[in-house]
Amino acid sequence: MSTESPPAPSAKKHPLESFERFMRTVRSACATPGGRAALRNGLAEELSSPWQLYMHLLPAGGIPAYAPTREAERPYLLVACLYAVHDAPNPRTAKSNPPPAAKPAQVWQNLGWSYARAAHTGAMRRQNAADALSHLAELGGDDLVRELPGAISLLRSQQIPVKWPVLLRDLTRWPKWADDVRVDWARAFHTPTSRTAEENTK
């Protein structure tokens, strides 16, 4: 494990740059049947055998060095597994039917934004979406990690997008800045409907 410090904020071109880079690592790991299967199984096993995840993530690019402990690396593993389950294309068919390139995420496209879209599209009643978001926001770190897979599964089953780099950023911020993340979610959820509608076309 490296003890390298996070890059200074001024050195980053975009606040999601490092998280976008990790998601490229995850997509690379999922580009083989074995890698995709290992990451999908990792979620089913609740990350109980993380060495199998590392066996595919490390050759593909690894976890950023400024996540120096196993606990700090857990959000990376969780998001990698969630992506593999819900969005990773089947590598056996991807060459003949390649998926569209992933568009860069914006920092406000967080879980609040996802639940707002669920409400706007009718996938969820607005009050139910607000309640689901509030429930997640009130959880401690360990409980959030346990309950997040079910919440993401419900959103993706309704074709509601989840911006993986933003989710990963929020999870890495949660231990120290959970209140800031909660406020970001609330702001995104209550964004004017016009912007939500505009995003539905993208």
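What the table below lists for this structure:
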item	result
Test for Trp177: is it touching a Leu at 6+ places or on another chain (Cβ under 9 Å) and in a helix (DSSP H, G or I)	no
When residues of region 1-29 are limited to those that are part of a loop (DSSP other than H, G, I, E, B) and under 18 Å from the mean Cα position of the chain (by Cα), the one modelled with the lowest pLDDT	His14
Selection count where residues are open to solvent by less than 20 Å² (accessible area, probe 1.4 Å) and under 16 Å from His86 (Cβ atoms), scope region 118-152	4
Residue within region 135-152 that is in a loop (DSSP other than H, G, I, E, B), modelled with pLDDT of 95 or more and among the β-branched types (Val, Ile, Thr) present	no
Helices (runs of 4 or more DSSP H) lying entirely in region 30-118 (those with 3 or more residues that are within 22 Å of Arg146 (Cβ to Cβ) and under 16 Å from the mean Cα position of the chain (by Cα))	33-44, 70-86
Residue in region 120-128 that is within 17 Å of Met23 (Cβ to Cβ) and outside any helix (DSSP H, G or I) present	no
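The values are calculated or read from the model by the stated rules, or taken from the named source; none is laboratory data. Everything quoted here is computed from the prediction, not taken from an experiment. Note: ideal-geometry Cβ built from the backbone for every residue, glycine included; neighbour counts use all protein chains shown. These area figures cover heavy atoms from the full protein model, side chains too; ligands, DNA and RNA do not enter into them. Shrake-Rupley method; radii C 1.70, N 1.55, O 1.52, S 1.80 Å.
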